[in-house]
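K.L.:
Right, I'll just put the structure down here and ask away after.
Nothing in this text is a laboratory measurement; each read-out follows from the coordinates by a stated rule. Just so we're clear, the structure is a prediction, and the values are computed from it rather than from any experiment. FYI the Cβ positions are ideal-geometry reconstructions off the backbone, even for glycines, and counts take in every protein chain you see.
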Amino acid sequence: MLFMVISTPRPEPPSVMTAKRKAYWEWLTPLQQQGLCKEVWARTGRGAIALFDVPDNETLHRIMNEWAEIIPATFEVYPLIDPVRAKAYLEQHKG
């Protein structure tokens, strides 16, 4: 299951969050190695956008809670469809 997650951290001074931001990248590394996090981008200014490929909603829930423990934030979550599967769907449902 693919999800794009966009974080918007609380408005803390950047200098206060340096250690937590480093901890975030360290926490993310095993998720990338396991293939649960396909890609992540830092947003200009603050925040991040991550692409997760998880087996179920519970795994995404766990990941987002771990993330919020490191860097408190609000999250926007967008379920995604793989482009190959989206095109296959269209082929099956020609109008």
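K.L.:
What length, rounded to one decimal in nm, is gained on full extension from Glu66 through to Thr29, with 0.36 nm per residue of separation minus their alpha-carbon distance?
P.N.:
Stretched out fully, the Glu66 to Thr29 stretch lengthens by 12.0 nm.
K.L.:
Oh, and also: Just need the relative contact order of the chain here, percent rounded to a whole number, with Cα pairs under 8 Å and 6+ apart.
P.N.:
In percent, rounded to a whole number, it is 46.
K.L.:
Moving on to the next point. Give, rounded to the nearest 20 debye, the magnitude of the charge dipole that the chain has about its Cα centre when Lys and Arg contribute +1 at Cβ and Asp and Glu contribute -1 at Cβ.
P.N.:
Using only the charged Cβ atoms, the result is roughly 300 debye.
K.L.:
Name the residue farthest towards the positive end of the dipole of the chain from the options Gln34, Ser7, Tyr89, assuming +1 on Cβ of Lys and Arg, -1 on Cβ of Asp and Glu, about the Cα centre.
P.N.:
Ser7
K.L.:
Another question, if that's okay. Quick one: pull the percentage of alpha-carbon pairs in the stretch 2-92 with a separation above 16 Å.
P.N.:
That tail contains 56 percent of the Cα-Cα pairs.
K.L.:
Using 1/(1 + (r/R0)^6) with R0 = 22 angstrom and r between the beta carbons of Lys38 and Arg10, what's the FRET efficiency to the nearest 0.05?
P.N.:
The pair Lys38/Arg10 has a calculated efficiency of 0.25.
K.L.:
How far is helix 57-70 tilted off the main Cα axis of the chain, in degrees rounded to 10, range 0 to 90?
P.N.:
20
K.L.:
Another question about this same structure. Hand me the trypsin sites (Lys or Arg not before Pro) from the stretch 8-95 located in a DSSP loop with no more than 13 other Cβ atoms within 10 Å, in residue order please.
P.N.:
Answer in residue order: Arg43, Lys94.
K.L.:
Same structure, new question: Using Cα positions and a limit of under 28 Å, work out the lysines in reach of Lys22, with same-chain residues fewer than 8 apart set aside.
P.N.:
Lys38
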